[in-house]
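Student: Below are the C-alpha cells for one structure; questions will follow.
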Amino acid sequence: MDAPAGHPDPILIVIRGNSGSGKSTIARRLQRGHGRGCALVEQDYLRRIVLRERDKQGGIAPGLIARTVRYPLRHGYHVVLEGILHSGRYGDMIRELRAGHRRTHLFYLDVSLDETLRRHERFRQAADFTGDDMRGWYAPHDVLGLAGEHVLPETTTVEKAVAVIAATSGLPLTGRDEDVLPRPRGAWKAPAG
C-alpha cells in the first residue's frame, strides 16, 4: 500500500524576527506539532552552515532559501520558514514566495532589544555570538508592511504563538506519523541498480 500523498493545498508559514525573538523554538514546535509532512526551513542553517555566507546585500542566500521552500511545497508538504529575514535583503524573496503560493501566512515577532538580550543569555548558542553582535543585527519593528502580516508582541508566550500561528494559518497540529511520499509528475527518481 502506498504512503499517503502530500496535502493538495499546502501551507507556507513565514516567521520573522530579531535574534532572540523565539522564532526557531516556535517554528520547531509547529513542525513537531504537525508531524510528518511539514518541512522546516531555517535561514541560519542555509546561510551560515550550507553557504557559510555573511548576511549582506547581494548574497545568494535568498535564492537558495526560496528554492528550498518551493521544493517541499510542490510535493505537498507544508513549510515553516523562519529567520531574521531582514526586510531590506529578504523582502523581495518573501513577496515572490507569497505571490506564487496563495496559502502563505506571514508572522513577525516584535521583541525589543532589551528583551532579545535577556533571552540571549539563555541561548545554547550564547557563546557563538555576543550581545554586541546582537545589537548590530537588531532592526526595530522590521515588518514587511504587507496586508495580512501578523505582528506578535514580545509578551506572547511560545505556547500562545504556536496556537495563534496554527489557528491563523490552518496548520493542523495532529502529530501526524504517516510518511508523506508524494509522487508528482517530474519527481526525482533514483537511478536503477
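Student: Restricting the stretch 77-99 to residues that are among the charged types (D, E, K, R) and out of contact with any Leu (no Cβ under 8 Å at 6 or more places or on another chain), which is nearest to L171 (Cα to Cα)?
Tutor: Selected residue: E96.
Student: Among the residues of the stretch 27-45, are any part of a loop (DSSP other than H, G, I, E, B), under 22 Å from V164 (Cβ atoms), out of contact with any His (no Cβ under 8 Å at 6 or more places or on another chain) and not small (G, A, S)?
Tutor: No.
Student: Which residues, counting only those in the stretch 133-149, are modelled with pLDDT of 95 or more and touching a helix residue (DSSP H, G or I) at 6+ places or on another chain (Cβ under 6 Å)?
Tutor: D142, L144
Student: Considering the stretch 88-128 alone, what residues qualify as being of a type in the set (D, E) and either in a loop (DSSP other than H, G, I, E, B) or over 28 Å from T157 (Cα atoms) (or both)?
Tutor: Within the stretch 88-128, D92, E96, E121, D128 meet the criteria.
Student: Would you check if L85 is aliphatic (A, V, I, L, M) and assigned to a helix (DSSP H, G or I)?
Tutor: It is false that L85 is aliphatic (A, V, I, L, M) and assigned to a helix (DSSP H, G or I).
Student: So is R70 closer than 18 Å to I11 by Cβ, modelled with pLDDT of 95 or more and outside any loop (DSSP other than H, G, I, E, B) or not?
Tutor: Spelling it out, R70 is indeed closer than 18 Å to I11 by Cβ, modelled with pLDDT of 95 or more and outside any loop (DSSP other than H, G, I, E, B).
Student: Right, next: Out of the residues in the stretch 133-149 that are among the aliphatic types (A, V, I, L, M) and not in a helix (DSSP H, G or I), state the one that is surrounded by the most Cβ atoms within 10 Å (Cβ to Cβ).
Tutor: Residue satisfying both the conditions and the ranking: L144.
Student: Scan the stretch 117-132 for residues that are surrounded by 10 or more Cβ atoms within 10 Å (Cβ to Cβ) and at pLDDT 85 or above and jot them down.
Tutor: Once the filter is applied, which keeps residues that are surrounded by 10 or more Cβ atoms within 10 Å (Cβ to Cβ) and at pLDDT 85 or above, the stretch 117-132 yields L117, R118.
Student: Six or more apart or on different chains, Cβ under 6 Å: which pairs go from a residue in the stretch 44-59 that's surrounded by 16 or more Cβ atoms within 10 Å (Cβ to Cβ) and hydrophobic (A, V, I, L, M, F, W, C) to one that's part of a helix (DSSP H, G or I) and modelled with pLDDT of 95 or more? Could you list them?
Tutor: Here the result reads L46/L64; L46/I65, each pair linking the stretch 44-59 to a residue that is part of a helix (DSSP H, G or I) and modelled with pLDDT of 95 or more.
Student: Here's a follow-up. Output the number of residues of the stretch 18-44 satisfying the condition of being at positive phi and either of a type in the set (S, T, Y) or in contact with a strand residue (DSSP E or B) (Cβ under 7 Å, 6 or more places away or on another chain) (or both).
Tutor: Residues in the stretch 18-44 being at positive phi and either of a type in the set (S, T, Y) or in contact with a strand residue (DSSP E or B) (Cβ under 7 Å, 6 or more places away or on another chain) (or both): 3 in total.
Student: Next up: Considering only the stretch 150-163, how many residues are surrounded by 12 or more Cβ atoms within 10 Å (Cβ to Cβ), in contact (Cβ under 8 Å) with a residue 40 or more places away in the chain and in contact with a strand residue (DSSP E or B) (Cβ under 9 Å, 6 or more places away or on another chain)?
Tutor: Final tally of qualifying residues: 6.
The values are calculated or read from the model by the stated rules, or taken from the named source; none is laboratory data. Predicted model only: the values in this text are computed from it and were never measured. Reconstructed Cβ throughout: ideal geometry from the backbone, glycine too, with neighbour counts over all protein chains shown.
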